[in-house]
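Trainee: My structure is below; once you've seen it, I'll send some questions.
Nothing in this text is a laboratory measurement; each read-out follows from the coordinates by a stated rule. What you see is a predicted model, and the numbers here were worked out from it, not measured in a lab. Because the Cβ atoms are built from the backbone with ideal geometry, glycine has one as well, and the counts that use them run over all protein chains shown.
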Amino acid sequence: MTLVEHLEELRSRLFISLGAIGVAAIVGWFLYEPVLDLLQEPFCKTIQSLPPANRPATGCRFIFLGAVDAVVIKLKVIVFLGLLIALPIVLYQLWAFIVPGLTKRERRMAVPFVVSSVLLFALGAALAYLTLPRGLGFLLGFAGPAFVPQLTGDKFLGFVMLLTLAFGLSFEFPIALIFLSIAGVVSSQQMREWRRRAIMFIAVFAAVITPSADPYTMLALMIPMVLFYEAAIIVARLLKR
């Protein structure tokens, strides 16, 4: 394929992905209320764990400050849900774009790639949700008893989305390593030799990528990534790479 053909291929894949996200966002419109209740639950638990004098007057209900903020909040959540629902299609389009540069044996990895990527992203998102109360409790009480938290819906939901994306994308780490080993870019021997530097990199990465930067969230992201690194070494050895 020429450069122009590659660009046309990329454009068509992007259009398909965006179309899938748009259709999935329609489904997300009907899921907005239950998802909002699900996201509000850890916030309510965190507020209830604070001393009575430090609890906001609005309880665990969110506020918005601008006239159009309510519209922006709902659209943001709907588009985010659309991205999550359409993730298998987006990942398949990504794989289909890079397939022409792969061997016949490597092309057979399409289904395992998509399935494992979706499962790992879902696992990362679930872990982000489970660590949310701990992270919120640390952050909201960090300034001391002189401050009362008053979060807007836009700020809180934006924080949750960033946390979910940070965990979900970080959990794709072993897929990237295994793909690089299959392509012959790295070997299991090299990954074993890079172990110490990799752990240091993972620690720095977890500190930078998590929006809360609290120790609970950082450790919750760092420990699985270290385990994934070890798992990638084992898989690469089994594949004789």
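Trainee: Nearest 500 deg cm²/dmol is fine: what mean residue ellipticity at 222 nm does the chain get from its DSSP H runs of n ≥ 4 alone, each adding -39,500 (n - 2.57), divided by its residue count?
Mentor: Helices in the chain give a 222 nm mean residue ellipticity of -26000 deg cm²/dmol.
Trainee: Taking amide H positions as placed 1.01 Å from N in the peptide plane, with prolines and chain starts having none, which residues 5 or more places from PHE171, or on another chain, fall under 5 Å of its amide H?
Mentor: Under 5 Å from the amide H of PHE171 lies no amide H from a residue far enough along the sequence or on another chain.
Trainee: Most fluctuating residue of ARG11, ARG195, ARG55 in a GNM of the chain with Cα springs under 10 Å: which is it?
Mentor: Taking springs between Cα atoms under 10 Å, the residue moving most is ARG11.
Trainee: What list of ³J(HN,Hα) values in whole Hz, one per residue of segment 35-49 in order, does the Karplus curve 6.51 cos²θ - 1.76 cosθ + 1.60 (θ = phi - 60°) give from phi, with Gly and Pro shown as x?
Mentor: Once θ is set to phi - 60°, the couplings for segment 35-49 become 5, 4, 4, 5, 6, 6, 4, x, 5, 5, 5, 5, 4, 5, 7 Hz.
Trainee: Then there is this: What is the count of Lys pairs in segment 3-171 whose alpha carbons sit under 24 Å apart, if the two are 8 or more places apart or on different chains?
Mentor: Total qualifying Lys-Lys pairs in segment 3-171 comes to 5.
Trainee: Just how large is the dipole of segment 3-171 about the Cα centre, in debye to the nearest 20, putting +1 at every Lys and Arg Cβ and -1 at every Asp and Glu Cβ?
Mentor: Once rounded to the nearest 20, the dipole reads 300 debye.
Trainee: Based on a Kirkwood Rh over C-alpha pairs, give the Stokes-Einstein translational diffusion coefficient of segment 3-171 at 20 °C and viscosity 1.002 mPa s in µm²/s.
Mentor: 117
Trainee: Still on this structure, please answer the following. Could you give each residue of segment 62-68 its phi-based ³J(HN,Hα) in whole Hz, using Karplus coefficients 6.51, -1.76, 1.60 with θ = phi - 60°, and x for Gly or Pro?
Mentor: Calculated HN-Hα couplings, in order: 8, 10, 9, 9, x, 5, 9 Hz.
Trainee: Here is a further query. Farthest toward the dipole's positive end in the chain, which of PRO174, TRP95, CYS44, given Cβ charges of +1 (Lys, Arg) and -1 (Asp, Glu) about the Cα centre?
Mentor: Of the listed residues, the answer is PRO174.
Trainee: Note down the relative contact order for the chain as a percent, whole number, built from C-alpha pairs under 8 angstrom at least six residues apart.
Mentor: Once normalised by length, the contact order is 23 percent.
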